[in-house]
Amino acid sequence: MPIQILPARLANQIAAGEVVERPASVVKELVENSLDAGATRIEIDIDKGGSRTIRIRDNGKGIPKDELQLALSRHATSKIATLDDLEAIASLGFRGEALASISSVSRLTLTSRTAAQEEAWAAYAEGREMEVTLKPAAHPVGTTLEVLDLFFNTPARRKFLRTEKTEFGHIDELLKRIALSRFDVTINVRHNGKTIRQYRAAQTQLQQERRLAAVCGSAFLNHALAVELEHGDLKLSGWICSPQGARAQNDIQYCYVNGRMMKDKLINHAIRQAYEGTLSGEQYAAYVLYIEVDPHQVDVNVHPAKHEVRFHQARLVHDFICQGLQSALQQSLAEPSAQYQA
Ligand code: ADP
Ligand code: MG
């Protein structure tokens, strides 16, 4: 075969292979878009584990009518414009690939209205080439993304979908992670028409602890030590379990860097080292931790799903986390009353 440029749809389907593994990956991309748009309320409707319907409605700033088609194109983003921006990313998204990828493997409708517009517009794309149809629609300021029949045109992928229950389980777990990253946002989740989760926006400490308990269980809250530390540009906050609160599974391990969920080796290592000697072989630490670092000091453009980061001063970050947690754990041994009495 001679060398040829791939048709747009095929190129998008290949890209979709990296970003869209299963319904939960679609939910992740769409909810992150809602958060980037400044939404304070996100309604999530799932049918059949996401294989039939994923509908996400937000009250963010919306997309102007004349940008709707562009929003569905590959490498089209409003979040970065220059290399400088790429080196200090403040938003969750920046690749401009999610909507193009998702629309290439589903029947997608994007409905949106900005505050400057009198009416909303809907863009419909079906496993599309480049054409998108626009129609007037009814919608308050904000955006709804509806994704129907995920992988309908990529049967090999569709075959890999697990049961409804398993796929919804992945979505639920993902939304727990998001609920812990943005206490200020209301997130409601329905599956097959039934309300499954209601995370109300939490302002007070009590409301935050309630959300923490809703996601991690009250046993975690009862053994939680609050952490709050600073060193130069670095900040570490959140909750860790006291050694008595250690778990038999590694099911409560949430970590965020500048608001982004991470599964990072360096961070995991630092946390494990902090607990060294306090846990037995079958015990796992439980934690919900937030690391804030100057965006120039961290590279998030490492992994397509953005699960890993690269810290420019890796050693410093590692030791800051490890020593910070060690001293929090030591204090808890010295004054156990510092723990929550819930
Ligand atoms: P990225 O998030 O990397 O920019 P996406 O393909 O996810 O790429 O989205 C493309 C663009 O569409 C975004 O840059 C944003 O301008 C717009 N967009 C997507 N979802 C929303 C939303 N829920 N509210 C407002 N704008 C959105
Ligand atoms: Mg995005």
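Observations
- Dipole of the chain, positive end: most advanced residue of Leu229, His269, Phe183 [Cβ charges, Cα centre]: Phe183
- Cross-link pairs Lys28/Lys194; Lys159/Lys265; Lys159/Lys263; Lys61/Lys263; Lys61/Lys194 - those with Cα-Cα distance over 25 Å: Lys159/Lys265; Lys159/Lys263; Lys61/Lys263; Lys61/Lys194
- Overall, the accessible surface of the range 1-140 at a probe of 1.4 angstrom is composed of carbon and sulfur to the extent of 54 percent.
- Under 5 Å, built H, 5+ apart or other chain: amide partners of Ala202: Asp184, Val185
- In range of the label at Asp66: residues from the range 97-137 whose backbone nitrogen is under 16 Å from the point 7 Å along Cα→Cβ: 114-119, 121
- Inverse mean reciprocal Cα-Cα distance (Kirkwood Rh) of the range 111-221, Å: 17.2 Å
- Note that the chain presents 50 Å² accessible area per residue, ligands and nucleic acids not counted, probe 1.4 Å.
- Shown in residue order for the range 14-21 are the 3J(HN,Hα) couplings computed by the Karplus curve 6.51 cos²θ - 1.76 cosθ + 1.60 at θ = phi - 60°: 5, 4, 4, x, 7, 8, 10, 8 Hz (x for Gly and Pro).
- Residue-averaged [θ]222 nm for the chain, counting only DSSP H segments that reach four residues, each worth -39500 (n - 2.57): -10000 deg cm²/dmol
- Per-residue ³J(HN,Hα) for the range 164-172, Karplus 6.51 cos²θ - 1.76 cosθ + 1.60, θ = phi - 60°, Hz, x for Gly and Pro: 3, 5, 5, 5, 5, x, 5, 5, 4
- Amide H to amide H, with H built 1.01 Å from N, Thr53 comes under 5 Å of Asp47, Asp149, counting only residues 5 or more places away or on other chains.
- Dipole check for the range 65-139: with +1 at the C-beta of Lys and Arg, -1 at the C-beta of Asp and Glu, and the Cα centre as origin, the magnitude is about 260 Debye.
- Mean projected area (nm²) of the alpha-carbon convex hull when the chain is viewed from all directions: 20.0 nm²
- Relative contact order of the chain: 15 percent, from C-alpha pairs under 8 Å at least 6 residues apart in sequence.
- Dipole moment magnitude, nearest 20 debye, the chain about Cα centre, only Lys, Arg, Asp, Glu C-beta charged: 1120 debye
- Ordering Ser106, Pro140, Gly324 by the projection of their Cα atoms onto the charge dipole of the chain, which places +1 on the Cβ of Lys and Arg and -1 on the Cβ of Asp and Glu, puts Ser106 at the extreme positive end.
- Put a plus charge on the Cβ of each Lys and Arg, a minus charge on the Cβ of each Asp and Glu, and nothing anywhere else: the dipole of the range 147-198 about its Cα centre is then about 120 debye.
- C-alpha long axis of helix 265-275 to longest principal axis of the chain, angle in °: 20 degrees
- Annotation: extensible slack from Glu308 through Ser218 equals 29.5 nm (criterion: 0.36 nm per residue apart, minus Cα-Cα distance).
- With Cα atoms, 0 to 90° folded angle of helix 23-36 axis to the chain main axis: 80 degrees
- Karplus (6.51, -1.76, 1.60) ³J(HN,Hα), θ = phi - 60°, over the range 108-123, in Hz, Gly and Pro reported as x: 10, 10, 10, 10, 7, 8, 9, 5, 6, 9, 6, 10, 9, 10, 10, 10
- Portion, in percent, of the accessible area of the range 169-284 that falls on carbon or sulfur, probe 1.4 Å: 44 percent
- Size-normalised alpha-carbon gyration radius of the range 198-275, reference 2.2 N^0.38 Å: 1.16
The values are calculated or read from the model by the stated rules, or taken from the named source; none is laboratory data. For clarity, every value in this text was computed on a predicted model and none was experimentally measured. Every residue, glycine as well, gets a Cβ built from its backbone with ideal geometry; the counts of neighbours run over all protein chains shown. In case anyone asks, the SASA skips ligands and DNA or RNA and just uses the protein heavy atoms, side chains included. Shrake-Rupley method; radii C 1.70, N 1.55, O 1.52, S 1.80 Å.
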